[in-house]
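K.L.:
Shown below is the structure under consideration.
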Amino acid sequence: MNLDPLSDIFSLNALASVRCTRLEADGSWALWFPQRERLKFVAILRGAAWIVIPDRPPLRLEAGDTLLLTNTPFTIASDPAVPAKDGLTLFEASKTNTVRLAGNKTVMLGGAFVFADDNARLLIEALPAFMYIPAQQPTAVALSNILSMLDRELEHPGMGSSVMSQRLADILLIQALRGYVAQYGQNSAGWIGAFSDARVGRAIALMHGDVAHRWTVGELAAAVAMSRSGFALRFKSMVGLAPLEYLRRWRMQLARRSLRSTSCSIGDTAAALGYSSESAFGNAYKREFGQSPTQHSLGALNATR
């Protein structure tokens, strides 16, 4: 049985690329970044800055603080009152990964995680729009070490730097998620936080470990020593989905990856995921994605090239 569903999630949502950038600034400055469907991090290496998120009071960031952001616009600034310039345009116009604004009193790293395919939505939608890991949090020490290595790769790129940066950013993301859940509790990070719950996390691990099994709510409840009703209520409150709805969605994510990346037939994929017939599988797939499995299969994709 796979006891680490989070690793499953990251395996399914392989990183296609990570763009890491460095900002050095002094004086009065402010940069605005639009909402984009991707996961971002911002980390303060030196000095301080303010971050402004819609519908939240401005937050002052100090050296050692790290943020994860999903699907939200934001402004990073020396002062919240400073008019913001378009930061995305500024970085895109730069011929390097570093942008300098008057000096280097404040130094920060930023990064955007770009995932390989549409399955990333499962991960991004699970997370809050704004996750703050302060320098005082115990995990911040590990984050600081990773950020220092990442900063060196940006400042002095060498052989294999792009791969090195991608792997470091991947580790940074996991450590930041660990730190956030440790700081704010299991209910703080959407259903990702539920993975660390002794009972709901074990139930999810059981489903991930044998995805083809015809699980029932009663069977899962018994496996984690809870009543059926108590388990169903706890699971939905933490995950946001009923247990079997979570299982169905996870099966569909696995199905899409299998159909897009292997020569496995639709029938074999359906059987491997616990469906008794291709028609039942096809109906579930179309409800989830709005297209039939045939339209997403590797053979169909190759035929369009």
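K.L.:
Mind listing whichever residues of segment 233-254 are under 15 Å from residue 202 (Cβ atoms) and of a type outside the set (Ser, Thr, Tyr)?
P.N.:
Correct list: 234, 235, 238, 239, 243, 247.
K.L.:
Is there a residue being under 25 Å from residue 127 (Cα atoms) and either of a type in the set (Val, Ile, Thr) or out of contact with any strand residue (DSSP E or B) (no Cβ under 7 Å at 6 or more places or on another chain) (or both) anywhere in segment 265-281?
P.N.:
Checked segment 265-281: no residue is under 25 Å from residue 127 (Cα atoms) and either of a type in the set (Val, Ile, Thr) or out of contact with any strand residue (DSSP E or B) (no Cβ under 7 Å at 6 or more places or on another chain) (or both).
K.L.:
Go through segment 74-118 and give me each residue that's farther than 10 Å from residue 29 by Cβ, part of a loop (DSSP other than H, G, I, E, B) and among the polar types (S, T, N, Q).
P.N.:
94, 96, 97, 104
K.L.:
Need the failing condition index for residue 137 against (1) modelled with pLDDT under 85; (2) of a type outside the set (Ser, Thr, Tyr); (3) surrounded by 18 or more Cβ atoms within 10 Å (Cβ to Cβ); (4) in contact with a strand residue (DSSP E or B) (Cβ under 8 Å, 6 or more places away or on another chain), just the number.
P.N.:
Unmet condition: (4).
K.L.:
Consider residue 219 against the criteria (1) free of Cβ contacts under 8 Å to residues at least 12 places away in the same chain; (2) closer than 22 Å to residue 7 by Cα: it satisfies all of them except one. Which criterion is unmet?
P.N.:
(2)
So that you can scan it fast, the table gives a plain yes or no per residue for (1) in a helix (DSSP H, G or I); (2) open to solvent by 10 Å² or more (accessible area, probe 1.4 Å); (3) more than 20 Å from residue 127 (Cα to Cα):
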| position | (1), (2), (3) |
| --- | --- |
| 173 | yes, no, no |
| 194 | yes, no, no |
| 208 | yes, yes, no |
| 218 | yes, yes, yes |
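K.L.:
Between a residue in segment 265-290 that is within 20 Å of residue 216 (Cα to Cα) and any residue that is open to solvent by 80 Å² or more (accessible area, probe 1.4 Å) and not hydrophobic (A, V, I, L, M, F, W, C), which pairs come within a Cβ distance under 7 Å, given they are 6 or more apart or on different chains?
P.N.:
As it stands, the answer is 270/278; 274/214, since those pairs meet every condition given.
K.L.:
Residues that are of a type in the set (A, V, I, L, M, F, W, C) and under 22 Å from the mean Cα position of the chain (by Cα): does segment 275-297 have at least one?
P.N.:
yes
K.L.:
Follow-up. List every residue pair whose Cβ atoms sit under 6 Å apart, with the two residues 6 or more apart in sequence or on different chains, where the first one lies in segment 68-89 and is on the phi < 0 side of the Ramachandran plot and the second, anywhere, is surrounded by fewer than 20 Cβ atoms within 10 Å (Cβ to Cβ) and assigned to a helix (DSSP H, G or I).
P.N.:
70/124
K.L.:
Which is open to solvent by 10 Å² or more (accessible area, probe 1.4 Å), modelled with pLDDT of 90 or more and charged (D, E, K, R), of 60, 121, 152?
P.N.:
Sole residue among the options that is open to solvent by 10 Å² or more (accessible area, probe 1.4 Å), modelled with pLDDT of 90 or more and charged (D, E, K, R): 60.
K.L.:
Of all residues in segment 17-57, which are open to solvent by less than 40 Å² (accessible area, probe 1.4 Å) and more than 20 Å from residue 85 (Cβ to Cβ)?
P.N.:
Matches in segment 17-57: 18, 20, 39, 41, 43.
K.L.:
Is there a residue being in contact (Cβ under 8 Å) with a residue 12 or more places away in the chain and under 22 Å from the mean Cα position of the chain (by Cα) anywhere in segment 45-52?
P.N.:
yes
K.L.:
From the list 214, 287, which one is open to solvent by 50 Å² or more (accessible area, probe 1.4 Å), assigned to a helix (DSSP H, G or I) and either on the phi < 0 side of the Ramachandran plot or touching a Phe, Trp or Tyr at 6+ places or on another chain (Cβ under 6 Å) (or both)?
P.N.:
287
K.L.:
For segment 248-261, state whether one or more residues are under 27 Å from residue 180 (Cβ atoms) and open to solvent by 40 Å² or more (accessible area, probe 1.4 Å).
P.N.:
Scanning segment 248-261, I find at least one residue that is under 27 Å from residue 180 (Cβ atoms) and open to solvent by 40 Å² or more (accessible area, probe 1.4 Å), so the answer is yes.
The values are calculated or read from the model by the stated rules, or taken from the named source; none is laboratory data. These figures come from a predicted structure and were not determined experimentally. FYI the Cβ positions are ideal-geometry reconstructions off the backbone, even for glycines, and counts take in every protein chain you see. For the accessible areas, the whole protein counts, side chains as well, though only heavy atoms, and no ligand, DNA or RNA atoms are used. Shrake-Rupley method; radii C 1.70, N 1.55, O 1.52, S 1.80 Å.
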